[in-house]
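Okay, structure first, notes after.
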Amino acid sequence: MSNRACACLFMLFAVTCPVPAAFAQTDPALIFRQAIDARNRGDLEGLMTFFAPDAVREDASCNPACVGEAAVRRSFEKNIADHFQASLTVVEGAGDTVTGRAEVRSDALRANGVDHRMASYTIKFRAGRIVLWSSPLAGGPAAPKP
């Protein structure tokens, strides 16, 4: 078979075959950035693909903690309705944990006379999916262990 025919077959294979799941994105820091981007765009379905079914969220939107996919989904629906936006300033990953800081804005903050505030995040992963989304309130309780 000629080189040209091999190249054509390779291109046909590359274009028509899906990427195996083993090659799916598993970098926790990148997944966290993609989750923040999805929420900023108002893409609830896209956002929820990053969460494990037993995920826990604890922050100003979930105090007490939102436990399980349905509760986490409802909390992010409220964020999206409130035009919540986060601009990440720092993202660092180590193993299955990502920490970050962001400047956040929302209609609720503006209604209280606050243009923006800084937030810190600790995100825990298991098998490439978010199991804990924590952005503790000052003086609030510690996030539960997943």
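Please treat every number below as a calculation from the coordinates, not as lab data. Given the structure is predicted, the values throughout are model-derived calculations rather than measurements. Note: ideal-geometry Cβ built from the backbone for every residue, glycine included; neighbour counts use all protein chains shown.
The relative contact order of the stretch 25-134 comes to 27 percent, based on Cα pairs under 8 Å that sit 6 or more residues apart. In debye to the nearest 20, how big a dipole does the stretch 25-134 give about its Cα centre with +1 on each Lys and Arg Cβ and -1 on each Asp and Glu Cβ? It works out to roughly 80 debye. The Rg/Rh ratio for the stretch 25-134, using Cα coordinates for both the radius of gyration and the Kirkwood hydrodynamic radius, is 0.94.
For R126, the residues whose amide H sits under 5 Å from its own are V131, ignoring neighbours fewer than 5 places away on the same chain, with H placed 1.01 Å from N.
The distance between label points at T49 and T122 comes to 2.9 nm (points 7 Å beyond Cα on the Cα→Cβ vector).
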